1. Spin-label point model (7 Å from Cα, Cβ direction): what's the residue 164 to residue 606 distance in nm?
2. Using alpha carbons only, what's the Rg to Rh ratio of region 315-414 with Rh from Kirkwood?
3. With no solvent and one point on each alpha carbon, what is the Debye value of log10 I(q)/I(0) for the chain at q = 0.06, 0.08, 0.11 Å⁻¹?
4. From Cα pairs below 8 angstrom and at least 6 apart in sequence, can you work out the relative contact order of the chain, rounded to a whole percent?
5. Do any of 328/392; 7/242; 39/328; 7/39; 136/328 go past 27 Å between their Cα atoms, and which?
6. Taking the Cα atoms only, what angle lies between the long axis of helix 392-409 and the longest principal axis of the chain, rounded to 10 degrees?
7. How would you order 467-476, 215-224 from highest to lowest mean count of nearby Cβ atoms within 10 Å?
8. Taking the chain as the reference, fit the longest principal axis to its C-alpha atoms, fit the long axis of helix 114-127 to the helix C-alpha atoms, and give the angle between the two in degrees, 0 to 90, nearest 10.
Amino acid sequence: MTEWWRKWFTVARSVALGYNVMAIDGDVLVLDDWYWRVKQPPLSSFTMLSQAECTACINGGFSYIQNASSQGPVAWMLFEAMHRAVRWSEDDSALQAMSQRLANETYWITCPDDQSLLSDVLWNAMRGEVRFASMKCMLAGDTEALQKLGFKDANAFLGAQVPAYSGGAGEFGDLEYAVSGELAEVVCEGFREPFDCRRFGPNVTIRTAVLRMPHSGGVWPREHGGYPFNRSVGPYTEAYRKAFQELGVPLPPSPEDPATEALARNTPTELFGFLHIETLKGRCTGCWAEATWFRAGRLGLWHTHLGAPRVQSIGHIHAGLFPGDFQKTIVMQASGHFDWRVAARIGGGPSRMFFANYPDHNSLEHGWQNSVVEVQRVVAYAPGLITSKLDKAEFIHAAEGLAQVAAALGAVAAWPAAPCDAAWVLTPEALAAGGPPPLRGPNSSSRSFIPWYHLRTQFTVLPFGDSLEELQCEWTGFAVAGCLLNRQLPGQGPSYSGRGLLALEFEHLRRRHIHNVTSLREPTPDTTLRLSEGPQPRSANGGVEWAEPQYDQLLRLNTERLLHQPFQRDPIAIFWLDQLVGAVHGMAGVAGRVYDTWRERCRVLRYYDLREDERSDW
């Protein structure tokens, strides 16, 4: 609770002081000029704009408040949401009197989060009434308590509190607004294929609500939640109220004070708007102002460095991401919004900023430099080896061989990028159409134009690159701690496994010294690993030839290369494989144990041992 409590406490006090406030989470990106959009019609008429979590509820990740009166309904909403949390946390006696379960299992009382509390007070302000929809999660499954309120279950209770969508008084309305000039050229409500921002007409739609100052009128109906507080407030509630009273500005009238009812009823209304709501017909209302990765970003519309269309201003990574770990960080890295310099400062240097540098989640999350593990050597496939001619099974087999070489040589594996034109990377629609879309424009040299409807960006791949011509696709299968981190966990004793670099991390490593270290970028005789003394032992499978070196020979042939790395002039030495490796035979001792542990932890290395439902998304 601490993180969102501090955020919304600060927001509420700032709005009361008359500031315009953008309230965001750490996974929000600025893609274009927000203020240019919000300071002209239609958005300039809204006092509060928020991303929708559902069709009627607020997502806490993005809100913008402008021109709010310190005595108005928006200021009251922001004050009251946290006010309720403080009162219930400090004294839950009224709730316990309502529910025997809450008396026995008090942890249910703290289940409302910032989003449910903000949505609760939003609906209050729409109706001009005081209700307590956020009690729904406290009472879920508590049939006895819900029956006291007049409802058969928690969903029925919630449904009675949520305003309708008919556009009447106290209800949401999907209102159309005219746009003109330069704004009309960039607003976009159509993100489904085929890409057509204005397929729904010249106007834009915003889910809109008129906000009024709520007041109880001295009545607390049980069907609204009754009066769920102790009427005698405690010191924490007093301190919370005092923090606003000390601001020295007029504050909203208390909805519990009968003497303020007339003032509340005469308080000027304010306008609220939801962003990022997709209708059944695919109209993404408000998405030209703010939208999520799943809705827009994964199509390439956040890759601003690649010349993506200016169709939105704010991006929220949010949810609906590929299965794995570190998803939000990887999304920022792939889309060009990750600051590698800051990562290097946190890690302690440009060679200490990769996932592989950290032994576990805690070290990575807290940036503990004393836990950083050096990356000294990396093994990678030479450019041109991993092509779209490999099917998915062969791609995975190549990754297994690479991992065995890395374990044998005590190196970090540079996981390969998936070819963006591989059949298993393309959508079923693209395959049915005969492959990637045709080239666009007389001078175009890339099939990877934006938006990327032809790529399986929902869960399978993340495109990345410095240009469309050099676009690569990160396979999300590697995006888990078990494939990247050593995962030396406390209290478990020695349990080392292999480590890996994502393809986008490896690309950053290759280009960071591009001005003076040619050997870091491309294979040379000195940096290409030898796999055998004579003709390579190979196995053929499906027309693909696989090298299968012996462990002891692999070590003997490459000892000199591994020991003498100064020629690379970089703390991290890169060694290349110029052949696809299917297996390393005879791995024993430490190397064998390392690979066996890695195979247990890295899902890619046991891909076909997983159940179909465990790997179907990636």
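1. A separation of 5.6 nm, rounded to one decimal place.
2. Result for region 315-414 is an Rg/Rh of 1.00.
3. -0.42, -0.71, -1.09
4. Values: 1153 pairs, mean separation 77.2, N = 618.
Averaging sequence separation for qualifying contacts and normalising by length gives 12 percent for the chain.
5. On the way: 328/392 25 Å; 7/242 18 Å; 39/328 30 Å; 7/39 24 Å; 136/328 30 Å.
The answer is 39/328; 136/328.
6. It works out to around 70 degrees.
7. Details: 467-476: 19.8, 215-224: 15.3.
Top of the packing list down: 467-476, 215-224.
8. Helix 114-127 sits at roughly 40 degrees to that axis.
No lab work stands behind these numbers, since they all come straight from the coordinates. Since the structure is predicted, the reported quantities are computational estimates derived from the model, not experimental observations. Reconstructed Cβ throughout: ideal geometry from the backbone, glycine too, with neighbour counts over all protein chains shown.
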